[in-house]
């Protein structure tokens, strides 16, 4: 399957890496980026590896999530018809749960 990042998810990744760069340095920022992007390969091979995201279960896309770090989840859905995995957000789990629903409306 092909993995596609939404513009919003790409911006979240850029913001996260920039935050890590400023706060923790170049090595940590690079490691965070590589760890998250590694999921492109993992998801392409095993699209069902993420759990159903219960905060988004009312939406027809069938959103799934993978906890990348204790504070971040990759949010994605599978477009079976087009053989695509759509990564739509990197969500900071310290935010209010309602904010995830608002972001993906």
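Quick note: the coordinates plus some simple rules give every number you see, no bench work behind them. Computed from a prediction, not measured in an experiment: that's the story for all the values here. With ideal geometry, Cβ positions are generated from the backbone for all residues, glycine too; neighbour counts draw on all protein chains shown.
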**OP:** Run the quick spin-label model on residue 82 and residue 95: label points 7 Å from Cα toward the beta carbon, then report their separation in nm to one decimal.
**Re:** 2.3
Original post:
Given only helices, namely DSSP H runs of n ≥ 4 each adding -39500 (n - 2.57), what is the per-residue ellipticity at 222 nm of the chain, to the nearest 500 deg cm²/dmol?
Top reply: -14000 deg cm²/dmol
Original post:
By how many degrees, between 0 and 90 and to the nearest 10, does the Cα long axis of helix 7-24 differ from the longest principal axis of the chain?
Top reply: 30
Original post:
Debye sum, Cα scatterers, the chain, no solvent: what log₁₀ I/I(0) at q = 0.10, 0.16, 0.22, 0.24 1/Å?
Top reply: -0.27, -0.68, -1.24, -1.42
Original post:
Taking only C-alpha pairs under 8 Å that are 6+ residues apart, what is the relative contact order of the chain in percent?
Top reply: 30
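Most exposed first by the Cβ proxy, i.e. fewest other Cβ within 10 Å, how do 91, 5 rank?
Result, fewest neighbours first: 5, 91.
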**OP:** Grab the Cα-Cα distance for residue 26 and residue 14, subtract it from 0.36 nm times how many residues apart they are, and report the gain in nm with one decimal.
**Re:** 3.0 nm
Subject >> Sequence of 21, 48 once ranked by neighbouring C-beta atoms within 10 Å, starting from the fewest >> reply: 48, 21
Original post:
How do 53, 10 line up, fewest other C-beta atoms within 10 Å first?
Top reply: 10, 53
**OP:** Enumerate the residues in the stretch 60-104 having an amide nitrogen under 14 Å from the point lying 7 Å beyond the Cα of residue 42 toward its Cβ.
**Re:** 65-76
